[in-house]
Amino acid sequence: MAKLLVVDDESNLRMVVQKEMSRQGHEVGTASDGEEAWEKLEEQDYDVLLCDINMPRLDGIALLRRMRERSQHPPEVIMLTGQATVETAIEAMKLGAYDYLTKPYRITELAVLVTQAADKQKLKIDNQRLRAQLERTHSSMPEIIGESRQMKEILRLVQRVAHSDTSVLITGESGTGKELIAQAIHRLSPRNSRSFVDLNCAALQDTLLESELFGHEAGAFSGARARKLGLFEMADSGTLFLDEIMEMPAALQSKLLRALETRSFFRVGGVKKVDVDVRLLAATNRNPQQSIHDGVFRADLLYRVNSFEIHIPPLRERREDIEPLARHLLQKIAGPSAPDLAPSAIDALTSYSWTGNVRHLRNCLERAVLLADNGQITLKELPPDVVNNKSEPMVSVSYNSSGETSTTSFQNSAPANLRDVERQQILSALEQTSWHRGKTAELLGISPSTLYRRLREYDLDSR
Ligand SMILES: Nc1ncnc2c1ncn2[C@@H]1O[C@H](COP(=O)(O)OP(=O)(O)OP(=O)(O)O)[C@@H](O)[C@H]1O
Ligand SMILES: [Mg+2]
């Protein structure tokens with residue numbers, strides 16, 4: 001049994017077909033022209049459309065075109081046509097109609113076609129459902145390791161906040177797992193079958209960032225040839241993750257604030273308001289209060305964004321996590337053939353102050369896996385700094401929001417200015433890697449986007 005819609009301007013024909021098809025066990029609706037059919041199609045899904053070609057207001061071909069352009073789940077279509085319009089029927093086939101019948105036709109003929117078209121439609125829908133299911137299982141919960149009291153508390157907060165639409169600000173140093181936590185919140189939320197869209201606010205220029213976020217209309221600026229949907233629109237009924245949100249340019253901050261307040265926005269160069277339903281997550285490795293104090297971030301926007309704040313402490317403040325994390329990361333890096341960790345290596349990893357946190361630890365293990373030749377990672381496979389427990393002070397200075405630890409790790413070098421030291425560290429890393437940015441970020445244990453931002457800040461990006 002299928003759900004049919006009969007579209008014909010001749011009421012007699014409409015009624016005959018409706019009666020016969022109902023007798024075959026189908027559920028049958030009717031419409032007297034293309035426009036009315038379109039309204040019904042927007043209200044609910046049909047399996048098969050039986051459609052006349054010549055009709056007032058909107059004819060059969062125009063209806064087909066509209067369905068093709070705008071319909072999410074278009075039904076299969078059987079065109080019913082008078083002799084004179086066979087050519088049009090062929091055009092209809094090109095537009096994706098399932099088949100056509102020329103009037104007068106026999107009801108048995110029509111019944112067979114309807115059953116075939118309905119079967120095809122059912123297959124199509126099953127297929128879509130399967131695909132959606134597959135996608136969901138593939139992008140399932142990220143595995144988060146957390147043995148420490150702090151991480152357990154964070155996971156508890158994640159569980160609790162995920163179900164609501166509350167916006168969440170995730171803070172913490174570089175590499176602590178902010179993005180991972182954002183993904184977990186989305187996965188545990190009722191929006192988990194919809195999209196998770198992320199945008200790194202530090203990675204783009206002002207103007208590009210605006211069109212990236214809100215999209216643009218054709219001709220909005222030179223180079224904008226066609227309309228482009230922005231991330232905000234793509235995240236509709238899903239989650240939008242704004243990474244490094246404190247780096248967002250001021251002009252865009254006020255636009256974002258307005259979009260969040262009104263749940264709507266304008267595309268760049270657009271005049272029509274677009275409504276959206278988006279759950280916002282954001283992350284930063286800066287201290288938000290400091291950014292407000294420095295005048296680089298709007299207080300009212302912060303208030304919108306951090307209805308709920310989750311702070312992930314650096315790895316050196318939760319050393320119980322290091323060993324389980326190391327084992328987990330080794331599995332992820334090398335799979336079942338992952339080398340074991342010698343007790344001395346575990347000790348060294350646990351007591352080291354990981355300036356780039358989990359990402360830093362991961363980089364170190366990746367290297368160790370390559371070096372380990374007898375199935376075990378010993379001190380020999382670890383960098384000298386880790387073995388001698390000499391931590392690089394750089395990252396803890398600039399990326400620590402509390403500022404506490406940074407000063408202690410800096411006392412030895414007694415710098416005149418923390419920024420000078422940081423710049424020096426970046427320069428020396430750049431020189432070590434012959435200015436290869438990817439390798440430099442890795443060496444410093446920070447993300448490439450953080451590095452790019454620093455290069456810009458210190459005027460090192462022109463080189
Ligand atoms: N608790 C954890 N369990 C498992 N993996 C983790 C955990 N925390 C971080 N990771 C891993 O460490 C790496 C860095 O994490 P992530 O990218 O989420 O950090 P971040 O805080 O967003 O860093 P940045 O500020 O540099 O963008 C990723 O590969 C992530 O999967
Ligand atoms: Mg990140």
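The values are calculated or read from the model by the stated rules, or taken from the named source; none is laboratory data. Please read all numbers here as calculations on a predicted model, not as lab measurements. Backbone-built Cβ (ideal geometry, glycine too); neighbour counts: all protein chains shown.
Determine whether residue 239 is hydroxyl-bearing (Ser, Thr, Tyr), in the same structural domain as residue 284 (by TED's automatic domain parsing) and under 20 Å from residue 303 (Cα atoms). In short, yes. Scanning segment 159-173 for residues that are touching a strand residue (DSSP E or B) at 6+ places or on another chain (Cβ under 7 Å) and either more than 30 Å from residue 443 (Cα to Cα) or more than 10 Å from ligand 1 (Cβ to nearest atom) (or both) returns 161, 165, 166, 167, 168, 169. Being within 16 Å of ligand 1 (Cβ to nearest atom), part of a helix (DSSP H, G or I) and either surrounded by 21 or more Cβ atoms within 10 Å (Cβ to Cβ) or aliphatic (A, V, I, L, M) (or both) is the filter here; which residues of segment 306-348 pass it? Result: 315, 321, 322, 325, 326, 329, 330, 333, 334. Screening 188, 169 for residues that are more than 16 Å from ligand 2 (Cβ to nearest atom), touching a residue at least 24 places away in the same chain (Cβ under 8 Å) and either closer than 24 Å to residue 313 by Cβ or of a type in the set (Asp, Glu) (or both) leaves exactly one candidate, 188. Taken across segment 283-299, residues that are within 22 Å of the chain's Cα centre (by Cα) and of a type in the set (A, V, I, L, M, F, W, C) do occur, with at least one present. Summed over segment 31-82, residues that are among the aromatic types (Phe, Trp, Tyr) and either in contact with a Pro (Cβ under 6 Å, 6 or more places away or on another chain) or in a loop (DSSP other than H, G, I, E, B) (or both) total 1. With a requirement of 3 or more residues that are modelled with pLDDT of 85 or more and either away from ligand 1 (no atom under 16 Å from the Cβ) or of a type in the set (S, T, N, Q) (or both), the helices (runs of 4 or more DSSP H) lying completely within segment 174-239 that satisfy it span 206-214, 231-234. Residues of segment 322-356 that are closer than 21 Å to residue 447 by Cα and in contact with an Asp or Glu (Cβ under 6 Å, 6 or more places away or on another chain): 333, 355.
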